[in-house]
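Colleague: Sharing a structure here in C-alpha cells format.
Bear in mind these aren't lab numbers, they're just calculated from the coordinates by the rules spelled out. Note that this is a predicted model, so its numbers are computed, not measured. Virtual Cβ from ideal backbone geometry, glycine too; neighbours counted across all protein chains shown.
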Amino acid sequence: MKSFYKLLIALVLTTTISLFSASKEVVIGTSAGANVTYYSFSKGVILSDPLSKWNIALMNGIDAGVRINDAANHQLWLVGTKSASDFGKALDTTGMGTWQELHNSDTTWNIGAFNIGKDGFDAGDGDYGWGVYDPSTYIVGKKLFVLKINTTTYKQVLIDGIAAGEFTIKYANIDGTNPKTVVVNKADFAGKNFIGLSMIDDKVYDKEPLSKDWDIAGTKYMQLTPDGQGNFLWYSVFGFLSNSRPTKVAGQSSRIGTGLKVAQVDNVDMTTNVIPTKVDYSSSINQIGSDWKVYNGTYSFPKRVYFAQRFDSLNTPSGLVYKFSFTKYAGNSTTFSQEDLVTSVNDDENSNLSNAVVYPNEISHGENLNLVITSKVASLTTDVNIYNTVGNLVATRKINLNTDFSHIILNNLNLVSGLYFVQIGENKFTTPIKFIIK
C-alpha cells in the first residue's frame, strides 16, 4: 500500500480545483451548414471543413461503404436497366423520375447510398449493393448509377471495384463523354473513416481528422422524418452524428459498435444526478441527431441530457464519460453545456474490473456519491475504499457488482469538507479517482 500512498501524495501536490469537472459552455461554429465540424469532447473543435469540395466518400478499412454528399444536396439514382458494362455509353434519362433514388443510411456510416441498403460483410452474402464479393479480387462493381451534383451537373458513376486495398471509381458525363478513372489507395489515408472524391476537379481529398481524434460531427444530412401523416420522408436537417462504426471481432459472429456511443436521458437537466447503464448507450450515429432542437417560430430545446463514452472492440467502455445538453441554435453556431465525468481506467489486464466513474465529482456534505463501475464478469464482490490527502483510509464499503455496468450509491459517508480519493478493489486501479466534499 505504500506505493498507493505515494501516488496519493503526488496527486495532491499537483492537483488543483481546476482538475475537477464543472459544467462549461461550448459554442461550435457551423457556418449555416456549409461546413462539417468535427468536435472532440476532450480537445474541442478539431476541424471545420467545407462540404463543397467533395461529391462521394469512400469508406476506409475493410468496409466497402460509398456515401454521397447529401449535405450538399447531391442525389443518386440506380439505373436499373443498365450494368457495369454500359459505363461510358450515352444514357437515355427519359423516365428518370421513376428510377430508384438512393440515400445514405442515417444510422450507420458503413451503408452509403451506393450500397443500396446492403452490407455484404454483416449479411455474409458479399453483396454491397454497388458490387459483389469475388474471391479472385475482392469486390467487383456491378451497378451503374447517376449522381446529381447540382442543377446542371449529372454524372454516370461506376464503383468499379476494390482490389489490393484500392478503390477504382469511374465516372463520365450522362452522354458518356469525358470519362475518368480514379484509383484511391486506402493505405494513404490510414486512420481515417472516409476518403473524399470530387468529380468536378478530379481530386481525392483528405476530408476529415483521424478517427481517434474526433467524437461528433456537426453537419447537414438527410434524415428519415415523419411527415405527420403516418409516413417517413427524407428531409435535410442539421444535427450531430457520432463517430461510431461496426467492427468485426475475432470469434464473434457479427460486428459490434466501437468508438463513441451515446446515451440519451429525457426529462432531466444538467443538475440531475443520473447516469445511464451500458445498455442505454447506442452505436447509432444519429443518437444525438437533430431532434435536440424544436422549431415553432423560434427554437426550443427538450429537457434532455446526453452521455458519450468511447467503447473498445470488446464492447468495454473506456476513458472519460461526457455529459452534455443543448441550449442554443442559431444556424451559424450551436451551444451546449458539457461536463466531463471523472473516471479511472484499470491498467491491470488480469483484473475483473475495467473502469469506474465518480459522479458528481464535487458534492455537498451529506450528499450521496455515485459510482458507475464496469465489471468483466457477471457477479463480483469487491471493496470501495476512500482515502484523504495524507493516505488515511477514512471510509470503506463492500459492494456487489451483478452486471457488467453497475450503479453504486455511497451514502452516510460522514466526511468533512476536503479532497478525497476513491480506490475500487485492492490494488486494482492504479490511478485513484478524485472528488471533493464542499
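Colleague: Between S313, S40, S136, where does the largest GNM mean-square fluctuation fall for the chain, given springs only between Cα atoms within less than 10 Å?
Modeller: Among S313, S40, S136, the largest mean-square fluctuation in the Gaussian network model of the chain belongs to S136.
Colleague: Also, quick follow-up: May I ask for the distance between the Cα centers of the range 169-206 and the range 255-316, given as a whole number of Å?
Modeller: 34 Å
Colleague: A further question follows. Can you give me the orientation-averaged projected area of the convex hull built on the Cα atoms of the range 55-206, in nm²? If you can, show how the numbers build up before the last one.
Modeller: On the way: hull surface 35.0 nm².
Taking the Cα atoms of the range 55-206, their convex hull projects to 8.7 nm² on average.
Colleague: Could you please state, rounded to a whole Å, how far the C-alpha centre of the range 217-234 is from the C-alpha centre of the range 106-163?
Modeller: 23 Å
Colleague: Given an 8 Å cut-off on Cα distances and at least 6 residues of separation, report the relative contact order of the range 204-330 as a percent.
Modeller: Dividing the mean separation by the residue count of the range 204-330 yields 22 percent.
Colleague: Divide by every residue of the chain the summed helix terms, -39500 (n - 2.57) for each DSSP H run of at least 4, and state the resulting mean residue ellipticity at 222 nm, rounded to the nearest 500 deg cm²/dmol.
Modeller: -1000 deg cm²/dmol
Colleague: What distance in nm lies between label points placed 7 Å from Cα along the C-beta direction at S83 and D266?
Modeller: Between S83 and D266, the simple spin-label model gives 4.9 nm.
Colleague: Using only Cα atoms, what is the ratio of the radius of gyration of the chain to 2.2 N^0.38 Å?
Modeller: 1.14
Colleague: Among the aspartates and glutamates, which have Cα under 14 Å from the Cα of K261 when same-chain residues fewer than 8 positions away are ignored?
Modeller: D215, D280, D312
Colleague: Number of Lys pairs in the range 30-173 with C-alpha atoms less than 23 angstrom apart, excluding same-chain neighbours closer than eight positions?
Modeller: Lysine pairs satisfying the spacing and distance rule in the range 30-173 number 25.
Colleague: OK, next. With an 8 Å Cα cut-off and a minimum separation of 6 or more residues, compute the relative contact order for the chain in percent.
Modeller: RCO, the chain: 14 percent.
Colleague: Expressed as an acute angle from 0 to 90° and rounded to the nearest 10, what is the orientation of the C-alpha long axis of helix 2-14 relative to the principal long axis of the chain?
Modeller: For helix 2-14, the angle is close to 70 degrees.
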